[in-house]
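Colleague: Sending over a structure as structure tokens; questions will come in a sec.
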Amino acid sequence: MNLKSLLTGHVKTVLKRHGINVEAAEKHRKNEFIELLNDDLRTGKFKVFEGSTFEHDSNLITWDYSNPEKPVISDIFHSDIFDSTLYGWKFCKHYIKNVAKPRIPDPNSDEYMEYRVEKLEREVAKQLRGQEDIVNDGDFDIIYGKDDW
């Protein structure tokens with residue numbers, strides 16, 4: 001019996017006995033997903049609470065470069081919270097999200113004036129919270145056209 005069929009049996013047992021749908025972890029691409037998670041941590045797309053178990057354990061995990069062609073996570077320290085976070089993060093699928101651009105109404109319509117008021121209110125609120133220092137001048141171009149000089 002191979003490992004995959006054994007895990008499939010455990011998954012079915014948990015579903016049958018407890019009604020919990022679980023999925024066996026995909027481990028053969030784990031290093032790739034670790035690199036993607038690291039990128040999200042660096043860019044701020046994924047945030048960790050300061051002092052959390054995940055933060056603590058992440059600082060203890062090291063890479064084993066004994067085979068430079070294929071580095072792996074070292075066996076010196078194992079973290080269940082790191083693995084569970086990694087597999088949970090992987091299923092969030094935030095990296096495939098397509099964000100639709102908002103539709104800008106016709107500048108000669110009442111709807112456009114409502115759109116502008118709401119947008120300016122949001123910009124002022126951001127400035128008051130200190131999130132944005134300067135006003136976006138791009139709206140000037142929408143109303144009056146772009147200067148070519």
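The values are calculated or read from the model by the stated rules, or taken from the named source; none is laboratory data. What you see is a predicted model; the values in this text were computed from it and never measured. Here the Cβ is made from the backbone with ideal geometry for all residues, glycine too, and neighbour counts use every protein chain on show.
Colleague: Filter segment 17-73 for residues that are in the same structural domain as K90 (by TED's automatic domain parsing) and of a type in the set (S, T, N, Q) and give the result.
Modeller: Matches in segment 17-73: N31, N38, T43, S52, T53, S58, N59, T62, S66, N67.
Colleague: Out of everything in segment 53-79 that is in a loop (DSSP other than H, G, I, E, B) and of a type in the set (V, I, T), what residue ends up being surrounded by the most Cβ atoms within 10 Å (Cβ to Cβ)?
Modeller: Among those that are in a loop (DSSP other than H, G, I, E, B) and of a type in the set (V, I, T), it is I61.
Colleague: Something else now. Among the numbered criteria (1) at pLDDT 75 or above; (2) under 30 Å from T53 (Cβ atoms); (3) exposed (fewer than 10 other Cβ atoms within 10 Å of the Cβ), which single criterion is violated by K97?
Modeller: If we test K97 against (1) at pLDDT 75 or above; (2) under 30 Å from T53 (Cβ atoms); (3) exposed (fewer than 10 other Cβ atoms within 10 Å of the Cβ), just (1) comes out false.
Colleague: Only one of D133, D137 is exposed (fewer than 12 other Cβ atoms within 10 Å of the Cβ), acidic (D, E), more than 30 Å from D39 (Cβ to Cβ) and at pLDDT below 90. Can you tell me which?
Modeller: D137
Colleague: Another question, then. Can you tell me which residue is modelled with the lowest pLDDT among those in segment 15-47 that are within 20 Å of H78 (Cβ to Cβ) and surrounded by fewer than 12 Cβ atoms within 10 Å (Cβ to Cβ)?
Modeller: Checking each candidate, the answer is E26.
Colleague: A further question follows. Would you confirm, using the coordinates I've provided, whether E50 is free of Cβ contacts under 8 Å to residues at least 40 places away in the same chain, of a type in the set (D, E) and loosely packed, with under 13 Cβ neighbours inside 10 Å?
Modeller: yes
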